[in-house]
Structure formats: C-alpha cells, structure tokens
Amino acid sequence: MAISFDTSHNPLIGSEERLEEDLFVITAPNASPMTFTGTRTYLLGGDNVIVIDPGPDIDSHFSAVMNFLTGKKLTHILLTHSHVDHSPLSRRLKNETGATIIGFGSADEARTDFMNDLSSTIDLGGEEGIDTNLVLDEKVIDGQILKLNGSLFEIVHTPGHLSNHICISWKQKNIIFSGDHLMGWATTLISPPDGDLGSFMKSLEKLALRKEEKYYPGHGKPIADPLAMVEAQLAHRREREKQILNSLEEGSKKPAEIVDQIYVDINPLLKKAALRNVLAHLIDLYERKAIYVKNFSIEANFEIV
Ligand SMILES: [Zn+2]
C-alpha cells in the first residue's frame, strides 16, 4: 500500500516542549499500541492559556500541566472528542482553574440515522473508550468561529473516529489540531457504532479542501505536509475497501475471515482494532448496498450483491 507513516517519535514526558511561538505540547504518559507515544496535550498562548485535549487523568500529567500553568491563567479547555485518552483530565483542570470546557457534544450526538437504526436493532459491539462523565460548559457547531484570548479558532466537525470529533483550526497560525481524525503515524480506529467510515471519508474530503499548512494530531509528531496525508489516507481506505470486496469474492464471509486474509503481519495487539475497522467498512458497503447480509452481526456471512 502506498501510504507511508513516520513512526519515529521520542517525545518528552513530564514537561512541556515548545513547538512554535505561543504553542507548547505536553505528552501524557499513556503510550500504548493504540495511543502511540501518548496523548498530546497542546497549550496555546502566553499569560492566558487554552488547552486542547487535556488527556487522561494521570497524576504526573496533571502536575506537568499545572507546572506549565504557574504564573499563567488557564481560560479554556477545547476537546477534539470525548475518548478517555483525551478528555478526562478536563474535570480536574476545571476544578483547579475554573476554565470553560468546550466541545461538540455527547459521543453519539452526531451519529447518522442509518447508524442509529442499525445499532438500535443489532449489537455492533464497540462503544469502547468513551468518557461518559464528560460535562461540557459550551457546545460548538461546524463552522463556528471562536474568539478566545484574542485568537480566532474555526471548528471543523469531522465525524468518523467518533461522531463528536472536531478538528480545530487556529486561524492566525494557519494550523489545525486534528485530534484522532488525521495522524501521521497510523490510520485512526473506526469502531462502529461510534466510528463511522462513511462519515470519516466525508470528513477527510472536507479537510482536503482546506488550506492549513500544518496539522498537530492527538498522537505523534506534527504533520508537515497534511494535504498529502489526507489524500494518502483517502486512497488507503479506498484500497482497503477493494481488498475487502476481493476477499468476499474469493470466498471469505465473516469479518474475522476477512481480517485474517487482508491484515497479514499485523501486531497481534492490533487485531481487534483491525476487526473493528473491517466491520466499519462492511457497514459502509452495506449502507451503500454494495454487499448483502441476511442478519447483520459481527458473526454474519457477508456477500457481494
Ligand atoms: Zn480517540
């Protein structure tokens, strides 16, 4: 496959790194096969600070953020989405500083009608990793412009990884905080019903039309050539869809069989994620009536129409 990822990354853990003027990052100590080198908590501004994605509620991470805030004021907490590796620390930070927590809405806020109907009649599994205790002070919508501490931010709703996922454009700097939607070290997990491949592709197409020069993702290094990565990931998913259809044509029927056939040499720890991604593709193909299945389930037999 044509896509190439940069998996070299040695972030500092426990204190901030300066990325550019008025932009710092503290990497949380939660490295794993799913979170790569850990969640990236971005800190924007000088005396008045905005945090994007506070990360998991881990004491040492909280201390690192509070150390950075010494002599400064935390005014706002922006959330790209409500997964447990991104939003939980917002509560402790709010208690400590009184900052306003801003995000798109609940995890299922923007699920499509199709996904809602499917998930209300069928157990799709998934729904892993949602921060169910999150309470937002302010909700934003797609296209909204926020003026915070003299900076302008545009909200770009990018459902797919999670239906409440947003990317946040910092207008003056011409950069985007891309959360888990677009990262440079791997493709994102799409686990139905929260994850939705059809929405994910539309969200990538939306980014493909934008002009920002640099993306700062929720995990891993900045993406210096983001539009090339957007195109590469679109192509990668289309290629994956082709592989799934080929696999069905060659006789695979169940999602697990498809995974075995197309994910060769996969890290065993990522096999479950691969199964979720294949399910996401199957749901998308089913919605587009490209495949047939009698009783939709993760154990069902799928067939080409
Ligand atoms: Zn996530």
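Measure off, as a whole percent, the carbon and sulfur share of the 1.4 Å-probe accessible area of the range 17-225, all protein chains present.
Accessible surface attributable to carbon and sulfur in the range 17-225 totals 49 percent.
Sorted from largest down, give the three principal axis spans of the alpha carbons of the chain, whole angstrom values.
Ordered largest first, the chain gives principal extents of 64, 37, 36 Å.
Quick one: check the C-alpha center-to-center distance for the range 147-225 versus the range 130-144, whole angstrom.
If we compute the Cα centre of each part, the gap is 16 Å.
Compare F104, F200, F36 in a GNM of the chain, Cα atoms joined below 10 Å, and give the one with the largest fluctuation.
F36
Calculate, for N48 and N301, the FRET efficiency according to 1/(1 + (r/R0)^6) with r their C-beta to C-beta distance and R0 45 Å; round to the nearest 0.05.
Here the calculated transfer efficiency is 0.20.
Would you work out which of V140, L93, H281 lies farthest towards the positive end of the dipole of the chain, given +1 charges on the beta-carbon of Lys and Arg and -1 on that of Asp and Glu, about the Cα centre?
V140
Highest mean first, what order results for 106-119, 129-142 on Cβ atoms within 10 Å?
106-119, 129-142
Just need the relative contact order of the chain here, percent rounded to a whole number, with Cα pairs under 8 Å and 6+ apart.
It rounds to 14 percent for the chain.
Taking R0 as 51 Å, what's the FRET efficiency between D225 and L245 from their Cβ-Cβ distance, rounded to 0.05?
So, using R0 = 51 Å, E works out to roughly 0.95.
Suppose every Lys and Arg Cβ carries +1 and every Asp and Glu Cβ carries -1, with no other charges. What dipole size does the range 17-225 come out with about its Cα centre, to the nearest 20 debye?
720
Skipping prolines and chain starts, which residues have an amide H placed within reach, meaning under 5 Å, of the one on N48, given they are 5 or more residues away or on another chain?
K73
Just subtract the alpha-carbon distance of R288 and A235 from 0.36 nm times their residue separation and send over the number in nm, one decimal.
Working: separation 53, 0.36 × 53 = 19.08 nm, distance 1.84 nm.
Result for the pair: 17.2 nm of gain on full extension.
Starting from the Cα of L270, step 7 Å along the direction of its Cβ; do the same at D113; then give the gap between the two resulting points in nm.
3.7
Taking only C-alpha pairs under 8 Å that are 6+ residues apart, what is the relative contact order of the range 108-204 in percent?
Dividing the mean separation by the residue count of the range 108-204 yields 29 percent.
Can you tell me, using C-alpha contacts under 8 Å and at least 6 residues apart, the relative contact order of the range 64-158 as a whole percent? List each step's numbers first, then the result.
Working: 101 pairs, mean separation 26.3, N = 95.
Reported as a whole number, the value is 28 percent.
For the chain, what is the mean residue ellipticity at 222 nm derived from helices alone (per DSSP H run of n ≥ 4: -39500 (n - 2.57); sum divided by total residues; nearest 500 deg cm²/dmol)?
Theoretical 222 nm ellipticity from helices: -9000 deg cm²/dmol.
Lysines near K254 by alpha-carbon distance under 28 Å, same-chain residues fewer than 8 away left out - which ones?
Result set, ordered by chain and number: K202, K242, K271, K272, K289, K294.
Enumerate the calculated ³J(HN,Hα) couplings along the range 178-183 in order (Karplus 6.51 cos²θ - 1.76 cosθ + 1.60, θ = phi - 60°), each rounded to whole Hz, writing x wherever the residue is Gly or Pro.
The phi angles translate into 9, x, 9, 6, 9, 10 Hz.
Using a basic spin-label model with each label point 7 Å from the Cα along Cα→Cβ, how many nm lie between K139 and A31?
Those two pseudo-labels are separated by 3.9 nm.
The values are calculated or read from the model by the stated rules, or taken from the named source; none is laboratory data. Only a predicted model underlies this, so the values are computations on that prediction, with no experimental measurement involved. So basically every Cβ, Gly included, is an ideal-geometry build from the backbone, and we count neighbours across all protein chains shown. Calculation scope for accessible area: heavy atoms of the full protein, side chains included, ligands and nucleic acids excluded. Shrake-Rupley method; radii C 1.70, N 1.55, O 1.52, S 1.80 Å.
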